[in-house]
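The values are calculated or read from the model by the stated rules, or taken from the named source; none is laboratory data. Just so we're clear, the structure is a prediction, and the values are computed from it rather than from any experiment. Heads up, the Cβs are rebuilt from the backbone with ideal geometry, glycines too, and the neighbour counts pull from every protein chain shown. The area values use the complete protein model at the heavy-atom level, side chains included, leaving out ligands, DNA and RNA. Shrake-Rupley method; radii C 1.70, N 1.55, O 1.52, S 1.80 Å.
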Amino acid sequence: MTCVPALDFWQVQEPGGQVEEQGVCLVIEDDPDIRGLITVVLGRAGFKVLTAESGAEGIAACTAAGSSLSLITLDLGLPDMDGHEVARALREVTQTPLLFLTARSEEEDVLSGMASGAAAYITKPFLPRALKEAALGLAGLQGRTKLPATGKP
């Protein structure tokens, strides 16, 4: 199985030439380095990745993408809006799973995140593998992924 960029999104090419399109993830993150890391991790996992640098941009991107989204990652510390406010606004337009990726690690923060619509909560710094596994699991793609060492599901 090989990953190839095609038509501006990542696809997984199965042996025999069939191409399977993976899900679309919206990354809402203001830090360009972290946004870049998330984009690489999710792109290598087979997602087409859309990015937004602010809460307002994220809400607009989510509205424009409509039902094509499989997952949204959201930072709580955005420059223009509180992440909880963004999550509530996103919930008004989509039921796409929200994965919070944030430096806020207190128990109260986690509980508030879950109450505002998060399906999962990962604190920064995070392990790329943890992000990949959470993203695939939330997007419903985990069962279709093969482990690289064995090639078995």
Strands (runs of 3 or more DSSP E) completely within the stretch 40-109 that count 1 or more residues being in contact with a Pro (Cβ under 9 Å, 6 or more places away or on another chain) = 69-74
Take T96 and decide whether it is more than 20 Å from A115 (Cα to Cα) and either at pLDDT below 95 or out of contact with any Phe, Trp or Tyr (no Cβ under 8 Å at 6 or more places or on another chain) (or both).
-> no
Condition check for A115: over 17 Å from I38 (Cα atoms), open to solvent by 30 Å² or more (accessible area, probe 1.4 Å) and touching a strand residue (DSSP E or B) at 6+ places or on another chain (Cβ under 6 Å) = no
Among (1) farther than 15 Å from I38 by Cβ; (2) crowded, with 21+ Cβ neighbours inside 10 Å - the single one Q95 does not satisfy = (2)
